[in-house]
1. Just checking, which of L219, L201 is in a loop (DSSP other than H, G, I, E, B), open to solvent by 10 Å² or more (accessible area, probe 1.4 Å), away from ligand 2 (no atom under 16 Å from the Cβ) and touching a residue at least 12 places away in the same chain (Cβ under 8 Å)?
2. Could you please tell me which pairs satisfy a Cβ distance under 6 Å, a separation of 6+ or placement on different chains, a first residue in segment 29-46 that is closer than 14 Å to L286 by Cα and free of Cβ contacts under 8 Å to residues at least 12 places away in the same chain, and a second residue that is part of a strand (DSSP E or B) and among the acidic types (D, E)?
3. What number of residues in segment 114-162 are open to solvent by less than 20 Å² (accessible area, probe 1.4 Å), outside any loop (DSSP other than H, G, I, E, B), within 16 Å of ligand 1 (Cβ to nearest atom) and not aliphatic (A, V, I, L, M)?
4. Output the residue which, of all residues in segment 1-20 that are open to solvent by 10 Å² or more (accessible area, probe 1.4 Å) and in a strand (DSSP E or B), is modelled with the lowest pLDDT.
5. Among the residues of segment 180-187, are any more than 16 Å from ligand 2 (Cβ to nearest atom), outside any loop (DSSP other than H, G, I, E, B) and open to solvent by 40 Å² or more (accessible area, probe 1.4 Å)?
6. Any residue at all in segment 22-35 that is open to solvent by less than 10 Å² (accessible area, probe 1.4 Å) and within 15 Å of ligand 2 (Cβ to nearest atom)?
7. Quick one: how many residues across segment 262-278 are assigned to a helix (DSSP H, G or I) and open to solvent by 30 Å² or more (accessible area, probe 1.4 Å)?
8. Go through segment 279-296 and give me each residue that's open to solvent by 40 Å² or more (accessible area, probe 1.4 Å) and either in contact with a His (Cβ under 7 Å, 6 or more places away or on another chain) or part of a helix (DSSP H, G or I) (or both).
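The values are calculated or read from the model by the stated rules, or taken from the named source; none is laboratory data. All values reported here derive from a predicted model rather than from experimental measurement. Cβ: placed from backbone, ideal geometry, glycine included. Neighbour counts: every protein chain shown. Ligands, DNA and RNA are excluded from the accessible area calculation, which covers all protein heavy atoms including side chains. Shrake-Rupley method; radii C 1.70, N 1.55, O 1.52, S 1.80 Å.
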Amino acid sequence: MSKKFILGIETSCDDTCIGILEIDHNIPKILVNIKINQNNLHTPYGGVVPEIAARSHIHRLPFILQDALNMCDLKIKDISLIAYTKTPGLLVSLLIGENFAKGLSLQYNIPIIGVNHLKAHVLVNFLYQPLLFPFFGLIISGGHTEIWYFNSLDSYKILIKTADDAIGELFDKIGRIMELPFPAGAEIEKLAQTTQEIIILTMPKILSFSGLKTQCIKLIDAKICFATLCNSLQKIVTELLVKYIKLHKITEDIYIAIGGGVAANTYIKKELIKNFTHIYCPTQELCTDNGIMIAWCGYLEYFGYKF
Ligand code: KG4
Ligand code: ZN
């Protein structure tokens, strides 16, 4: 059968995501991309509570799967491969997704594959364009800030990663202090867009974001305008990223594929494009966690890349 339907299940944190990808003669098409966030459940705590996230995944997964199948008029037995997020993430949330996927696989005799969430964030860039090795992967998410080097699908290494907090984590923590809704990244971007004002923050000496957090907390205590702070924070974080990409990117013509929720930030994306001509970035909905990236990564790893 040339047509394949790949089910992607993503439960690494608090979003419950199911995606169904159709692959017809090696050409992928997104059939469904459902993403149900749990923001209202976690906002009172100012961050994700693993136990609440896991319980919510348990309740939601069967209904979301049924909705997804109905939306593209498929039955579970039509699915050719189940891909789920194996790692990294919140252990309890991952286990719920993994067990749900394994249950379906056993019951309906469907092949299954567990994939790396970060690799999936990067590879989703190649859904509609050829996968050309080697390339760099820049992962900027709520839990990770890392630069990878991909030689092939199976051969890749981490060149550098943050010494402490991830950028998304920094945004979320500062957002919590400013009493912005959780997660705060998109809200910080909106606030930043309302001003041109900048306050000079001290550039970290290494790839690290916790010092910036301390600087921001002090400025919030000193009653700085929140929009100015957000604008300045976005700017310095981007400068730091650009500096470290330049340090590791030896040749100009190698592409950088960006992934992760922070890549949805228009300012960061624009600045990266300005600094590096060879850059790929997914559409906004494929930057943040989603089931399609898991389905695509699972497809590439299970069936191989045949374009
Ligand atoms: O990749 P992702 O959906 O989940 C993880 O794997 O962590 O990334 C979530 C992170 C959160 O920290 C959120 O605040 C941040 O992405 N984020 C943004 C934007 N949209 C989401 N950060 C900056 N600007 C945005 N527009
Ligand atoms: Zn993610």
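1. Numbers: L219 fails: in a loop (DSSP other than H, G, I, E, B).
Every option except L201 fails the conditions.
2. As it stands, the answer is K29/E22, since those pairs meet every condition given.
3. Selection size over segment 114-162: 8.
4. The residue in question is K3.
5. Yes: one or more hits.
6. Checked segment 22-35: no residue is open to solvent by less than 10 Å² (accessible area, probe 1.4 Å) and within 15 Å of ligand 2 (Cβ to nearest atom).
7. Selection size over segment 262-278: 8.
8. Q284, E285
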